[in-house]
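Q: Sharing a structure here in structure tokens format.
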Amino acid sequence: MNDLSTLDSKEMQDLAAILGTAVSSGESSIVRVPELRINAKSVNKNTKKAIPQGSFYLKNSDKAAYAESVTFRPLASHVQFFNWDDVDGQRTLVNKSIAVLNPYKDEARDMRGSIACGMPSWDDRKEMPYEIAKKWRAMQHRLVRGLVSYTGKTEDGEEVFFDNEPCIMFHKNSTYGGFYNDFVKKIPKGHHLYNYEAKLTSEYNENGSVVWYTFNYEPDLSNMLPFTKLVHDTSIVFADSIRSENKYIDSQYMKAITEGSIDGSAMKALDSLDADFEEVV
């Protein structure tokens, strides 16, 4: 009874275009949702209690509960550029682009009046010293929004169940291509990302003293999921949020190119974004 597969086709197409969910065969407020992350630390620095490394958890949820694997159903996929810099000795988000579906075809206008936070071309980056090119590369993120389900445990051992919890993931550097290569490219042509879910696990990586984890996607293509009311309603909220944020960034883009600077309110908005996610170096 919750299957909305008979939803008006035009509405479905409009949603797919905004959310970036289609796999091609040939004014509301901006909504913040918990971020699905992989924990790389062995101890919670605030409570000094042990937490499992390589486990998934929802940052900014009511309770941080950790699990070795989760089930994730993607509802939206975009690329967005974020520029972090040192301001008064602190790592600060100083610029941000609109969310685009294809960074090679779409114009990722940003709040300071440039495109993709000034990202140089691939050919130019190839000629740069490694550390400089790495800094530019780290600006490009794949943002994946969706629903996550799992049973986890808090650092105190309390069991917590999340059922189709809206969330967002920020993928960059070594985690940037995983979603596209391991999930998107495997979806049958003419279908949508939200037709399927995947089991997510983490993979340990190290290079000298540097340790990090990457996301592994294992899509279940044997079970095509119905487009339920929950999925529809969550998609509407995500789409509305993306539209609102892009509209605001575009207004700052126009202001920057006409007046030559970003205004104080825009800087405050950027400052507030620090709470959305922390840059992982």
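The values are calculated or read from the model by the stated rules, or taken from the named source; none is laboratory data. Because the structure is predicted, anything quoted here is derived from the model rather than measured. Glycine gets a Cβ as well: all are built from the backbone with ideal geometry, and neighbour counts include every protein chain shown.
Q: Condition (residue is crowded, with 18+ Cβ neighbours inside 10 Å, touching a strand residue (DSSP E or B) at 6+ places or on another chain (Cβ under 8 Å) and modelled with pLDDT of 80 or more) applied to the stretch 39-50: is it met by at least one residue?
A: Of all residues in the stretch 39-50, those crowded, with 18+ Cβ neighbours inside 10 Å come to 39.
If we keep only those that are touching a strand residue (DSSP E or B) at 6+ places or on another chain (Cβ under 8 Å) as well, we get 39.
Then drop every residue that is not modelled with pLDDT of 80 or more, which leaves 39.
Among the residues of the stretch 39-50, at least one is crowded, with 18+ Cβ neighbours inside 10 Å, touching a strand residue (DSSP E or B) at 6+ places or on another chain (Cβ under 8 Å) and modelled with pLDDT of 80 or more, which makes the answer yes.
Q: Something else about it: The conditions are (1) more than 30 Å from GLU158 (Cβ to Cβ); (2) touching a Gly at 6+ places or on another chain (Cβ under 8 Å); (3) small (Gly, Ala, Ser), and ALA67 fails exactly one of them. Which is it?
A: Failing condition for ALA67: (1).
Q: Just to be sure I understand, how many residues within the stretch 78-89 are among the small types (Gly, Ala, Ser) and modelled with pLDDT of 90 or more? Let's see the steps before the verdict.
A: If we filter the stretch 78-89 for residues that are among the small types (Gly, Ala, Ser), which is where we start, we get 89.
In the following step, the residues that additionally are modelled with pLDDT of 90 or more were identified as none.
Number of matching residues: 0.
Q: Still on this structure: Please indicate, with yes or no, whether at least one residue in the stretch 90-107 is hydroxyl-bearing (Ser, Thr, Tyr), at pLDDT below 95, more than 30 Å from GLU218 (Cα to Cα) and in a helix (DSSP H, G or I).
A: No - not one qualifying residue is present in the stretch 90-107.
Q: Whether any residue in the stretch 217-238 is surrounded by 15 or more Cβ atoms within 10 Å (Cβ to Cβ), more than 19 Å from the chain's Cα centre (by Cα) and assigned to a strand (DSSP E or B) is what I want to check.
A: Yes, the conditions are met somewhere in the stretch 217-238.
Q: Take the residues in the stretch 58-72 that are closer than 29 Å to PRO103 by Cβ and buried (at least 19 other Cβ atoms within 10 Å of the Cβ), then tell me which one is farthest from the chain's Cα centre (by Cα).
A: The residue in question is VAL70.
Q: Quick one: which residue in MET139, MET111, MET119 is buried (at least 19 other Cβ atoms within 10 Å of the Cβ), touching a Leu at 6+ places or on another chain (Cβ under 9 Å) and of a type outside the set (Asp, Glu)? Working first, answer last.
A: Values: MET139 fails: touching a Leu at 6+ places or on another chain (Cβ under 9 Å); MET119 fails: touching a Leu at 6+ places or on another chain (Cβ under 9 Å).
Sole residue among the options that is buried (at least 19 other Cβ atoms within 10 Å of the Cβ), touching a Leu at 6+ places or on another chain (Cβ under 9 Å) and of a type outside the set (Asp, Glu): MET111.
Q: Do you know which residues across the stretch 169-213 are hydroxyl-bearing (Ser, Thr, Tyr), modelled with pLDDT under 90 and assigned to a loop (DSSP other than H, G, I, E, B)?
A: Going through the stretch 169-213, the residues hydroxyl-bearing (Ser, Thr, Tyr) turn out to be 174-176, 180, 194, 196, 201-202, 204, 209, 213.
Subsequent filtering for residues that are modelled with pLDDT under 90 retains 174-176, 209.
Hits for the stretch 169-213 are TYR176, SER209.
Q: If I ask for residues that are in a loop (DSSP other than H, G, I, E, B) and under 19 Å from CYS167 (Cβ atoms), which ones from the stretch 53-68 would you list? Please lay out each step first, then the result.
A: The first filter runs over the stretch 53-68 and keeps only residues in a loop (DSSP other than H, G, I, E, B), leaving 53-55, 60-65, 68.
Passing the criteria: GLY54, SER55, ASN60, SER61, ASP62, LYS63, ALA64, ALA65, GLU68.
Q: In contact with a His (Cβ under 8 Å, 6 or more places away or on another chain), in a strand (DSSP E or B), under 20 Å from ASN216 (Cα atoms) and among the β-branched types (Val, Ile, Thr): which single residue out of VAL148, VAL144 fits that description?
A: Values: VAL148 fails: in contact with a His (Cβ under 8 Å, 6 or more places away or on another chain).
Answer to the check: VAL144.
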